[in-house]
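The structure under discussion appears below in the form of structure tokens.
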Amino acid sequence: MIRAAHHTDRVVPARPAGLAGLAAPARPAGHALNGGTADPASPAVRAVWCESAWLGSEGVADAVRIEVDADGYVAGVRPGHPAQEGDVVLHGVAFPAAANGHSHAFHRALRGRTHDRGGTFWTWRETMYRAARALTPALYEDLATAAYAEMVAAGWTSVAEFHYIHHLPDGTPYGQGTGEPHAMELALARAAVRAGIRLTLLDTCYLAGGFGQPIEDGQRRFSDGSAERWLERLDALRATVAGLYPDHHVSVGAALHSVRAVPERDLAVIADRLPAGLPLHVHLSEQPAENKDCLRATGVTPAGLLQRHGLVDGRLSVVHATHLGEEDIALLGGAGAGVVLCPTTEADLADGLGPAGPLRAAGAVLALGTDQHAVVDPWLEMRALEHGERLRTGRRGHFDPEVLHGIASSGGARAQGRRSAGIGAGSVADLMAIDPHTARTAGSSWDQLAYTATAQDVTGVVVGGELTARNGTHITLGDPAESLVAAIARLDAAAAADDPTSASGYTHPRERH
């Protein structure tokens, strides 16, 4: 039965604790999906059974059985079908899972620690550098595992990790002489595998402290010294990851930190040598100062500088894009470039409201990211995107629920170079389900839950047809909060040992006054 209006006439039965992870009632021997008779000895069809599921423009259907093939893709969708033995059961209303288009996993340790004296984006950045300096591969694996587990429990099932901590704090490469040369990168890969999240590792080129400025002390471990050396390391990393993770749940893309961090000479080298088809991301026009400095140094805007070197095309995803001019919007939209907006981060850092509506109208493909993880919640990011446009324009109704879910799922997947999650044949079988009867969602039309739900309302998350989280708890890693507390405490201790005199820097919250 398809439903698209209020569901106040329907009561969802109370569910025992843990029911979402149990098999549905057994089907009678010989009962086939489409009637007739099946061989009782044949294996049960692998499937996810949804109490209800959102089917896009068709509305919400009840009792939807989603069949999943051996590779984790949707093989068939059957509304109005009973659950069968062995099915994963999702309670509430199922939606395509979200794809996180922009993450810095270690920024999760900064949440709630950068507000005590107000400050700016630039003072926030100094606190971030102190955290980055303390990271080791082991610490980063622990912290990223916890951060990714939090993402999965909230409904993100894939992530584009914008990664630039490549070397030791003094800039010495890992593995020089002995050891693993990709120690930090593989720590992130292991973390993603442990958390069950699909990872696109965006290995980032970071070569300068600003236009005409050398690398600063806090940036030394980010830099390879030249575009040529970065490209060589990128090639080696791609080969290593492909050998270790042939199933493509971990893949490698590329990123330029920003036009201020990659000199124009190096942009030209990268444009000439970067492998075709590789996803390419860049922070773009996040701050007015970046635009002014770029115009002063090059005569064009950051988007114009990328275009000068042929880097604006369909594989490019620009991140933030908060302070764009009309020509920049037309340039990005005309090329069909991706734009990854991070509304809660942009609000947290007082970056401003980006032109989301004009970018989409111009032809850009929008996606959402959590960036510094001040909030890790796809539902709040979707809502913040719409609310930002309302605040910017003074009117409502820019992104309807179907568009918002498309931005959160297919837009983010495109930015990662992946096939999108969805409830349709051929889509990735990644799902998140929402309880429509919480204090936040009660009374909502089920096809408008994008405007009311939060991650607190997520009852279950499925990755490739496998249950990975339920009711805020990761199936194998447990409560993400416990892992986060432990991982951040270890990073605190390392940061204090690294700089014991820094009372105003990255320290344990109890030490702040």
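Couple of notes before you dig in:
- Treating r as the C-beta distance of Gln456 and Asp499 and R0 as 41 Å, the FRET efficiency rounds to 0.70.
- Quotient of Cα Rg and 2.2 N^0.38 Å for the range 247-369, N being how many residues it contains: 1.01
- Using a probe of 1.4 angstrom and keeping all protein chains present, the accessible surface of the chain works out to 38 square angstrom per residue.
- Karplus 3J(HN,Hα) series, Hz, for the range 75-88 with 6.51 cos²θ - 1.76 cosθ + 1.60 (x for Gly, Pro): 9, x, 10, 10, x, x, 10, x, 5, 10, 3, x, 5, 6
- FRET efficiency, 1/(1 + (r/R0)^6) with R0 60 Å, evaluated for Ala297 and Arg419 via beta carbons: 0.95
- Extending 7 Å from Cα along the Cβ direction at Glu327 and again at Asp69 yields two label points whose distance is 4.8 nm.
- In terms of its alpha-carbon gyration tensor, the range 331-379 comes out prolate; a/c meets the 1.5 threshold, and the first ratio a/b outweighs b/c.
- In the range 287-367, GluC sites (Glu not before Pro) in a DSSP loop with at most 13 other beta-carbon atoms within 10 Å: none
- Rolling a 1.4 Å probe across all protein chains gives Glu232 an accessible area of roughly 110 Å².
- Arg111 - accessible surface, heavy atoms, 1.4 Å probe, Å² rounded to 10: 80
- Share of carbon and sulfur in the accessible heavy-atom surface of the chain [1.4 Å probe, %]: 53
- Counting only DSSP beta bridges whose two residues both lie in the chain, roughly 45 percent are antiparallel.
- All alpha carbon pair distances within the range 287-351 were sorted into 5 Å bins beginning at 0; the resulting P(r) in whole percents reads 4, 17, 26, 25, 18, 8, 1.
- Per-residue ellipticity at 222 nm computed for the chain from its helices equals -9500 deg cm²/dmol, with DSSP H segments shorter than 4 residues left out and the rest contributing -39,500 (n - 2.57).
- Inter-site label distance for Ser226 and His248 at 7 Å from Cα along Cβ, in nm: 3.5
- Shown are Arg113, Arg470, Arg360, whose ranking by accessible area with a 1.4 Å probe and every protein chain present, most to least, is Arg360, Arg470, Arg113.
- For the chain: Kirkwood Rh in Å [reciprocal of mean 1/r, alpha carbons]: 23.6
- Ala289 paired with Thr476, simple spin-label distance in nm, labels 7 Å along Cα-to-beta-carbon: 4.3
- Helix runs (DSSP H) in the chain reaching 24 Å along axis by Cα, Kyte-Doolittle at least -0.5: 137-154, 227-244, 480-498
- For Thr136 and Glu466, the difference between the fully extended length at 0.36 nm per residue and the C-alpha to C-alpha distance is 115.6 nm.
- For Cys205, residues with placed amide H under 5 Å, excluding near neighbours: Ala255, Leu256, His257
- Estimated FRET transfer efficiency when R0 is 41 angstrom, pair Asp116-Leu391 (beta carbons, to 0.05): 0.95
- Length released on extending from Leu168 to Thr123, taking residue separation times 0.36 nm less the Cα-Cα span: 13.9 nm
- Ranked order, Arg419, Arg440 - accessible area, probe 1.4 Å, largest first: Arg419, Arg440
The values are calculated or read from the model by the stated rules, or taken from the named source; none is laboratory data. Predicted model, so just to flag it, every value in this text is computed and none were measured. As a convention, Cβ positions derive from the backbone with ideal geometry for all residues, glycine included, and neighbour counts pool all protein chains shown. Just the protein is used for accessible areas: all its heavy atoms, side chains included, with ligands, DNA and RNA removed. Shrake-Rupley method; radii C 1.70, N 1.55, O 1.52, S 1.80 Å.
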